[in-house]
Amino acid sequence: MMQPGFRDATPSDIDALVRIENAAFESDRISRRSFRLLIERDTAETKVVTLDGQVAGYVMVLFRRGSGVARLYSIAVAPEHAGRGIGRRLLEVAEKTAYDHGRLFLRLEVREDNARAIALYESRGYRRFGRHSDYYADHSSALRFEKLLRGAPPASAGVPHFEQTADFTCGPACLMMAMSAFKPGFVPDPVMEIRLWREATTVFMMSGPGGCEPYGLAVTACEHGLAARILVSIDGPLFLQSVRNAEKRRVMELAQADFRARAEAQAISVEIASFTLDDIRAGLSRGELVAVLVSGYMMFGKKVPHWVLAIGADADHIFIHDPWVEEERGETVADAANIPVPNALFMSMAQFGREGLRAAVFLGKRTQ
Ligand SMILES: CC(C)(COP(=O)(O)OP(=O)(O)OC[C@H]1O[C@@H](n2cnc3c(N)ncnc32)[C@H](O)[C@@H]1OP(=O)(O)O)[C@@H](O)C(=O)NCCC(=O)NCCS
């Protein structure tokens with residue numbers, strides 16, 4: 001047999017990719033338009049295998065921003081070339097691509113009845129770690145597999161993930177995750193999500209409802225039975241540099257002054273300092289969970305403040321629960337839960353705006 005060659009897909013491969021897709025899959029096929037978008041998108045890599053100059057198969061890997069996980073989105077070999085070791089080689093290419101992007105895990109979903117693909121993944125050291133029922137268009141279920149590409153497997157922190165149900169409730173979603181870890185019997189729901197948001201909010205965005213700043217989050221956390229302390233790099237009001245409207249500014253300043261006073265009244269510890277990786281690690285090793293302000297730009301390309309919850313660490317990564325699940329891009333909760341973020345990437349994500357604001361709210365169990 002001629003030797004297979006591997007290279008990046010280009011838009012001129014789309015006809016061949018669509019042909020393979022239609023031959024290899026009966027449903028949930030990637031459309032021509034999606035192939036084009038995915039080939040051009042900088043958070044996806046599509047590799048093709050060629051035999052005698054003809055495209056014989058492909059593999060596609062997605063790279064969520066700000067994550068240590070890569071996702072094997074699709075793999076297929078043209079039926080006339082199947083069973084000759086090409087799928088196995090493509091999977092190796094996918095793993096290498098993920099590794100070269102600095103990713104810790106490669107994860108994938110596979111139909112429960114796809115014995116052939118499952119045998120391939122298992123023989124290459126993938127571990128089954130979950131199942132989604134009613135995942136595909138025909139209601140069949142998906143098994144989830146992952147392979148560790150480097151390092152030691154992280155300890156799972158066992159903190160339940162909660163997906164924010166509104167664009168502006170990342171902070172409250174993080175609070176609820178901490179509340180479900182620290183308060184026995186607490187079950188998060190969207191009613192509590194909105195209630196916490198109303199209690200913790202001061203940040204006006206350009207338009208629409210606002211988000212949270214650290215004092216509002218910490219005060220709300222305390223009022224709901226948690227212990228909280230704040231590490232923030234800037235003293236005084238936050239998020240005001242982009243606010244041009246004087247009335248908005250005035251309201252934000254007053255609301256924040258109120259939260260600062262209430263934080264003081266509740267004896268919430270506030271340290272005005274730029275946190276370091278060691279601060280986050282020290283909190284985690286004491287059993288705290290840390291709501292960390294990150295730049296939405298690094299995570300999903302929008303210049304908005306965003307809160308994620310740091311839940312654990314290994315030597316090279318901080319593990320976060322991101323409350324934001326990008327459903328439009330086919331993400332599931334598993335893409336956003338327990339994400340290993342390489343240390344350096346974590347520190348560059350965990351700042352906001354021109355001033356590089358760093359803010360973290362350390363949440364714990366109330367002891368008295
Ligand atoms: C899954 C797929 C990519 C495998 O590609 P392939 O080139 O046929 O696979 P390979 O020849 O490299 O074989 C790899 C492993 O698959 C399994 N396999 C291959 N042919 C098989 C067959 N006829 N029956 C059962 N298992 C088989 C074996 O475990 C094999 O390992 P081995 O070489 O140690 O025996 C290919 O069958 C395909 O495109 N299927 C349709 C699309 C699909 O299901 N994609 C996966 C979606 S998650």
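Tyr58 fulfils the conditions (1) within 13 Å of the ligand (Cβ to nearest atom); (2) farther than 11 Å from Leu17 by Cα; (3) not in a loop (DSSP other than H, G, I, E, B) except for a single criterion, (2). Please work out if Gly171 is at positive phi, surrounded by 15 or more Cβ atoms within 10 Å (Cβ to Cβ) and touching a residue at least 40 places away in the same chain (Cβ under 8 Å). Against the criterion (at positive phi, surrounded by 15 or more Cβ atoms within 10 Å (Cβ to Cβ) and touching a residue at least 40 places away in the same chain (Cβ under 8 Å)), Gly171 does not qualify.
For the stretch 69-110, the set of residues classified as more than 10 Å from the ligand (Cβ to nearest atom) and in a strand (DSSP E or B) consists of Val69, Ala70, Arg71, Phe105, Leu106, Arg107, listed by residue number. For the stretch 111-125, the condition holds for no residue, the condition being that it is part of a strand (DSSP E or B), away from the ligand (no atom under 11 Å from the Cβ) and either free of Cβ contacts under 8 Å to residues at least 24 places away in the same chain or farther than 29 Å from His317 by Cα (or both).
Selection of the stretch 260-281 for residues being outside any loop (DSSP other than H, G, I, E, B), among the small types (Gly, Ala, Ser) and more than 12 Å from Arg229 (Cβ to Cβ) yields Ala261, Ala265.
Just one of (1) closer than 16 Å to Leu363 by Cα; (2) in contact with a Pro (Cβ under 9 Å, 6 or more places away or on another chain); (3) not acidic (Asp, Glu) fails for Arg249. It is (1). Selection of first residues in the stretch 336-359 that are closer than 19 Å to Pro305 by Cα and not assigned by TED's automatic domain parsing to the domain that holds Gln241 and of second residues that are surrounded by 23 or more Cβ atoms within 10 Å (Cβ to Cβ) and not charged (D, E, K, R), restricted to Cβ pairs under 8 Å at least 6 apart or on distinct chains, gives an empty result. Flag: Val69 does not match the condition of being buried (at least 21 other Cβ atoms within 10 Å of the Cβ) and modelled with pLDDT of 95 or more.
The values are calculated or read from the model by the stated rules, or taken from the named source; none is laboratory data. Just so it is clear, the structure is predicted and the values come from calculations on it, not from any experiment. Please note: Cβ atoms are built from the backbone with ideal geometry, for glycine as well, and neighbour counts cover all protein chains shown.
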